[in-house]
Amino acid sequence: MAVTRRQMIIATAGLGAAAAGGVLGRRWFAGAGPGFDHELVAAPQAVELVPGFSTPAWAYGASAPGTELRVRQGDWLRVRFHNRLPVASTVHWHGIRLPLEMDGVPYVSQMPVLPGEYFDYRFRVPDAGSYWYHPHVSSAEQLGRGLVAPLIVEERAPTGFAHERTVCLKNWHVDEQGAFLPFSIAREAARNGTLGRLSSINGVPLGSIDLPAGEITRVRLLNLDNTATYRINLKGDFEARIYAIDGNPVSPRPLTEEYWLGPGMRLCLALRAPAAGQVLALRDGPVRLGSFRAVAGTGAGHAWPPALPPNPLPEPDLANAETLAFNFEWAGKLSVGTAQGKAPSLWQVNGVAWDIDDKTCAERPIARLKQGNSYILELRNLTQYQHPIHLHGMSFKVLRSNKRAIEPYFTDTYLLGRNERAQVALVADNPGTWMFHCHVIDHMETGLMAAIEVS
Ligand code: C2O
Ligand code: CU
Ligand code: CU
């Protein structure tokens, strides 16, 4: 078999790392130098979601959700992205604090990558945790067709978990024959967003994942869906503790009742599986999404690992922070856009609806932050629907809410409940124009997006 250029590079890299030895070798190889460590191909890929029927998905690699990328905290991620789709695309690295040129936002970070072209993404990954990647172009369709995938950033040192699983949640907009249905319908976009009809875990409806019986596994739950907020709960004989939320460690706490995991959000659990042969149901409220099946144990993973090490996030200076208010509102113009055959304008932030067809929107940032200063962002949901509010480029610390008790934590996405007001804070340490949007994709594409400038 002919050796490809990529195999050559990997082989050489392996030698280099081995020769230089340990951590040093790894650093040497993982520099920003020329080349790439992963080739990521986005292309049409038929998948079988409905037995006996083929669904014309789009995928990163050969599966949808796509290839899991893994990188060590502090290392460089170097990915050559090949666009073999029939449409332009980009890759956005959700939750990663990176330079603007690597953020994957068309006309802001880069030009769209046209069919047949490639783009090299290269950046250092500062924070460990569970992240993901997806396009930022025609997102309802591109994410809807399956262009979503996990990005796992491993802690620098062993964490004490003997086992680990990644669980990607996604609903598919397909009918009984596996054909795609519309990814966004105006009357649904005007409410909770357009829901897919067929849920899946790791791309399999009602899929099953094996866990070693009686032992503790790190389970990374990622909501890669366009619309759904999963009310995560488990049923069966188990013990589960939350170790991280949206990538960032929290002091381990039991998973009690339901955890509401909005689009784009992630939950890292330590899960003790039942005895061999038993099954746990992974559920969305009362609805089963899939199963964990306990299989013969390995003899490792009996103790609860200590809390995960914190990420190197800047602590906002609350005493000197300026407060900025952001109102998320209904724009109420359902008829206007639809009549012209473009995305309707349904939602707005501080009175301005983002227009996905207008490439100049980012030139009119909704807020200008001074680099190095701390800010409190007051998020006000003036609507009857919940919105997972997501910021690119920086993580923020959730401080308080008028609807629930908050133990402050860092995140990149906050699920803002109906009529909720929450305060989050950040240090504006990353210069650039950063998207700030609802991660219900058809809310984002019908107005609920803005740009925040840091300079
Ligand atoms: Cu998952 Cu603009 O982001
Ligand atoms: Cu993002
Ligand atoms: Cu929303």
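Some points to look at:
- Förster radius 22 Å - calculated FRET efficiency between Asn192 and Glu154, Cβ distance, rounded to 0.05: 0.05
- The stretch 318-454: C-alpha gyration tensor shape, a/c 1.5 cut-off, then a/b vs b/c: oblate
- Taking every protein chain into account, the accessible area of the stretch 171-280 amounts to 35 square angstrom per residue (probe 1.4 Å).
- Nonpolar atom fraction for the stretch 163-295, defined as the carbon and sulfur part of the 1.4 Å probe accessible area, stands at 50 percent.
- Extended-chain gain in nm, criterion 0.36 nm per residue less alpha-carbon gap, Glu164 and Glu378: 73.4 nm
- Mean separation of Cα contacts under 8 Å, 6 or more apart, over the residue count of the stretch 61-178: relative contact order %: 34
- Theoretical FRET efficiency, 1/(1+(r/R0)^6), r = Cβ-Cβ of Arg253 and Arg368, R0 45 Å, to 0.05: 0.75
- Around Ala57: net Lys/Arg minus Asp/Glu count, Cβ-Cβ under 11 Å: +1
- Remark: the stretch 386-455 carries 26 Å² of accessible area per residue (probe radius 1.4 Å; ligands, DNA and RNA excluded).
- Considering only alpha-carbon pairs that sit under 8 angstrom and 6 or more positions apart, the relative contact order computed for the chain is 13 percent.
- Secondary structure note: in the chain, about 75% of the DSSP beta bridges are antiparallel.
- Val287/Ser54 FRET efficiency (R0 30 Å; Cβ-Cβ; nearest 0.05): 0.70
- Coil-residue trypsin sites (Lys or Arg not before Pro) of the stretch 281-372, DSSP, other Cβ within 10 Å capped at 16: Lys342, Lys359, Lys370
- Filter on Lys342/Lys370; Lys170/Lys403; Lys170/Lys370; Lys359/Lys403 - keep pairs with C-alpha separation over 30 Å: Lys342/Lys370; Lys170/Lys370; Lys359/Lys403
- Fraction of the pair-distance distribution of the stretch 194-240 above 14 Å, Cα-Cα pairs, percent: 63
- Area projected by the alpha carbon convex hull of the stretch 122-165, averaged over all directions, nm²: 4.4
- Rolling a 1.4 Å probe over the protein heavy atoms of the stretch 318-454, with every protein chain left in place, gives an accessible area that is 46 percent carbon and sulfur.
- Summed side-chain charge close to Ala422 - residues other than Ala422 whose Cβ falls under 15 Å, Lys, Arg +1, Asp, Glu -1: +2
- Here Ile201 sits with roughly 0 square angstrom of accessible surface, probe radius 1.4 Å.
- Potential extension, Val295-Glu322 segment - 0.36 nm per residue separation minus Cα distance: 4.4 nm
- Descending semi-axes in Å of the stretch 386-430, equivalent ellipsoid built from Cα gyration tensor: 18, 12, 7
- Those residues of the stretch 79-116 whose amide nitrogen sits under 12 Å from the label point placed on Glu39, 7 Å along Cα→Cβ: 80-83
- For the stretch 100-145, applying the loop criterion from DSSP together with a ceiling of 16 other beta carbons within 10 Å to the chymotrypsin sites (Phe, Trp or Tyr not before Pro) yields Tyr107.
- Cβ-defined net charge surrounding Arg253, 10 Å radius [Lys, Arg +1; Asp, Glu -1]: 0
- Which of Arg165, Arg266 is most accessible, then next, and so on - probe 1.4 Å: Arg165, Arg266
- Stretch gain in nm, segment Ser208-Ile406, where the contour uses 0.36 nm per residue and the Cα spacing is subtracted: 68.0 nm
- The Rg/Rh ratio for the chain is 0.95, where Rg is the radius of gyration of the alpha carbons and Rh is the Kirkwood radius.
The values are calculated or read from the model by the stated rules, or taken from the named source; none is laboratory data. Since the structure is predicted, the reported quantities are computational estimates derived from the model, not experimental observations. Please note: Cβ atoms are built from the backbone with ideal geometry, for glycine as well, and neighbour counts cover all protein chains shown. We work out accessible area using only protein heavy atoms, side chains counted, and drop any ligands, DNA or RNA first. Shrake-Rupley method; radii C 1.70, N 1.55, O 1.52, S 1.80 Å.
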